[in-house]
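S.K.: Starting off with a structure, shown below.
The values are calculated or read from the model by the stated rules, or taken from the named source; none is laboratory data. Just so it is clear, the structure is predicted and the values come from calculations on it, not from any experiment. Note that each Cβ is placed from the backbone with ideal geometry, even for glycine, and that neighbours are counted across all protein chains shown. Please note that ligands, DNA and RNA were not included when accessible areas were found on the heavy atoms of the full protein model with its side chains. Shrake-Rupley method; radii C 1.70, N 1.55, O 1.52, S 1.80 Å.
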Amino acid sequence: MNKNKNKNIAVVLVLVLAAGCSSRLQDGAYLPPMDPTRKVSEKDCSRSIDTDGGNLMCREVTERERRAKIAEEERQARARREAEERAARERLERERAEQLAREEAARKQRAAEEERLAAERRRLEAEAARKAQEARERQERQEAEARARQRAEQEAREAAARECRRLEQERLDGRALLANFVDDYGKVEEYKGIAGQITAFLNKARKVKPCPPAVAMLGQPTKK
């Protein structure tokens, strides 16, 4: 009960003070000056008042001022939207640039890996080619050495065959001389003895070793 009574009294006092203030504002005689040290919050009386501290100065706003304020608010809102859109575009561009940088780095890494593999492949191919060349050269060298040995062996066989035939020819020539001597001088008394020995020698069976062939058959190894 006391609370309601106090509340009613407070409402009556507010109405009385408001009426007095209104009458003084209209008369202009009792308007106290504002404290210059306090902050002044200028408000549009056509809108709701936000009491954020300081002295309140309520005034009528003209249509032109209202349109200008609305235009300024729209400009600021548009500027905020443009800034947000610009920030979004810059973020997208930055993300796109980062993506392109990552893709370029990945491409360079793949290219470097491919180049490394290609270099390794070229190295292996060069190594294989070098070994093949060395094998061919070794084979050619062995074949050349074999041909040189065969040629030397062939020349030795030919020389031995020639020497054998020369010696055989000398023996034949010597026997022919002995036979001619017997024929020419065998009846001479002085040479009858030696002629008989020569005849016995010529009639004795010969054990002559045949000369080896000068050319060996291909594919047959020579005896050493």
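S.K.: Within the stretch 188-201, count every residue that is more than 16 Å from GLY174 (Cβ to Cβ) and surrounded by 11 or more Cβ atoms within 10 Å (Cβ to Cβ).
M.R.: Qualifying residue count, the stretch 188-201: 3.
S.K.: Would you mention how many residues in the stretch 188-213 are over 30 Å from GLN154 (Cβ atoms) and outside any helix (DSSP H, G or I)?
M.R.: Number of matching residues: 3.
S.K.: Scanning for something open to solvent by 100 Å² or more (accessible area, probe 1.4 Å), touching a residue at least 12 places away in the same chain (Cβ under 8 Å) and part of a helix (DSSP H, G or I), does the stretch 175-187 turn up at least one residue?
M.R.: No; the residues of the stretch 175-187 include none that is open to solvent by 100 Å² or more (accessible area, probe 1.4 Å), touching a residue at least 12 places away in the same chain (Cβ under 8 Å) and part of a helix (DSSP H, G or I).
S.K.: Continuing with this model, one more query. Regarding GLN109, is this residue over 23 Å from the mean Cα position of the chain (by Cα) and either closer than 30 Å to LYS209 by Cα or not hydroxyl-bearing (Ser, Thr, Tyr) (or both)?
M.R.: So GLN109 does not fit the description; no.
S.K.: Shifting gears a bit: Would you point out which residue out of ALA118, ALA135, ALA129 is within 13 Å of the chain's Cα centre (by Cα), surrounded by 10 or more Cβ atoms within 10 Å (Cβ to Cβ) and modelled with pLDDT of 95 or more?
M.R.: From the options ALA118, ALA135, ALA129, the qualifying one is ALA118.
S.K.: Continuing with the same structure: Enumerate the pairs (first residue in the stretch 146-166 and under 19 Å from CYS211 (Cα atoms) and touching a residue at least 12 places away in the same chain (Cβ under 8 Å); second residue anywhere and open to solvent by less than 50 Å² (accessible area, probe 1.4 Å) and of a type in the set (S, T, N, Q)) with beta-carbon separation below 7 Å, excluding pairs fewer than 6 apart on the same chain, so at least 6 apart or on different chains.
M.R.: Sorted first by the residue in the stretch 146-166, then by its partner, the pairs are GLU153/THR222.
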